[in-house]
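Structure first, commentary second.
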Amino acid sequence: MSLSKQALGLAREPTLAEPISEMGISVLPGAVRRLYPANTTIAREYQARSFILVMTAGWAAFAKTLRNGSRLIVDFALPHEIAFIEFCGDGGETVTALSDVTAIELTGPVHTCFSRYPQSICEAIMLAEARRYSRVTEHLAGVSRRGPIERTAHLLLELGCRAHRSVTGYPQRFECPLTQAQLADALGLSAVHVSRVLKDLRENGLVSFRNGVVELHDHAGLIKIAGFDRSYISS
């Protein structure tokens, strides 16, 4: 989630996550610039960590690993969004850089920010928390109640909206660094099943995913199949 217009002087067009002024964030108390190369572990579950990442570039994944070694990606952090790393040591998620990530780190825990940062920054943090809760709720509904095609279409539409950062339109294409295995972990499917679903979507002229680029060929068709309502990421 981007910071507020009052804090950062952002663009006029309405967007999901408007460009972040690194200069304005980097001068906040405790702010540190970070670079995480692709495949780097940013934080690990069961390790006590508490900070906020203001993503300036790159994608990261929040994942839960089960005892049998299987993994579920719970959420993603995209450029110009606020990501929360607040683990108490007896749970949490493993956070991994899917591509090269650059970010500005603000020291946590989150609740202490309200005594250290301007009101506009605090409001943006609260809104980011609310939106993450909404995303995780939708992902839970997807893996538990939507069929494989519906949940795949739903996730690709969400990622397209967030990558495009528009509250009014859908992109024709967007860069997506996910491997097929990572997409499978986000959808609660096997990689083989994801391959079949993507083939079906492609052959029906709806969407294609090749070489790190997703192309949305039929927005209306995808929205209908997924039952997609973007209000949970744009409200």
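A short reminder: the numbers here are calculations on the coordinates, not readings from a lab. The structure displayed is predicted, hence computed values, not measured ones. FYI the Cβ positions are ideal-geometry reconstructions off the backbone, even for glycines, and counts take in every protein chain you see.
Which one, F114, T152, V214, is farthest towards the positive end of the dipole of the chain when Lys and Arg carry +1 and Asp and Glu -1 on their Cβ? Projecting each Cα onto the dipole axis, the largest value belongs to T152.
Within the shell of other residues whose beta carbon sits under 14 angstrom from the beta carbon of D100, the net charge comes to +1, with Lys and Arg scored +1 and Asp and Glu -1. Apply the a/c threshold of 1.5 to the C-alpha gyration tensor of the stretch 145-235 and tell me whether it is rounded, prolate or oblate. Verdict is rounded for the stretch 145-235. The length gained on full extension between S70 and A181, counted as 0.36 nm times the residue separation minus their Cα-Cα distance, comes to 38.8 nm. For the chain, a simple Cβ point-charge model (Lys and Arg +1, Asp and Glu -1, everything else neutral) yields a dipole of about 240 debye relative to the Cα centre. Phi-derived couplings, Karplus 6.51 cos²θ - 1.76 cosθ + 1.60 at θ = phi - 60°, listed residue by residue for the stretch 202-217: 5, 5, 8, x, 9, 7, 9, 9, 9, 6, x, 10, 9, 10, 9, 7 Hz, with x used for Gly and Pro. Placing +1 on the Cβ of every Lys and Arg and -1 on the Cβ of every Asp and Glu, with nothing else charged, gives the stretch 106-235 a dipole about its Cα centre of roughly 60 debye.
For the pair S208 and A130 in one chain, pulling the backbone fully straight at 0.36 nm per residue adds 25.0 nm over the alpha carbon distance. Ranking M126, V143, G69 by how far each Cα lies toward the positive end of the dipole of the stretch 31-153 (charges on Cβ) leaves G69 at the top.
Amide H to amide H distances under 5 Å link V101 with Y36, A38, where only residues 5 or more positions off or on other chains count and H is placed in the peptide plane.
So how tilted is helix 148-164 from the main axis of the chain? Cα-based, degrees 0 to 90, rounded to 10. Tilt of helix 148-164: around 40 degrees. Potential lengthening of the chain between S50 and V143 amounts to 30.7 nm, from the contour at 0.36 nm per residue minus the alpha-carbon distance. Apply 1/(1 + (r/R0)^6) to the Cβ-Cβ distance of E215 and F114, taking R0 = 30 Å, and write down the FRET efficiency to the nearest 0.05. So the FRET efficiency works out to roughly 0.10.
Pair-distance distribution P(r) for the chain, from all Cα-Cα distances in 10 Å bins starting at 0: 8, 32, 37, 19, 4, 0 percent. The overall shape of the stretch 91-165, judged from the alpha-carbon gyration tensor, is prolate: a/c is not under 1.5, and a/b is greater than b/c.
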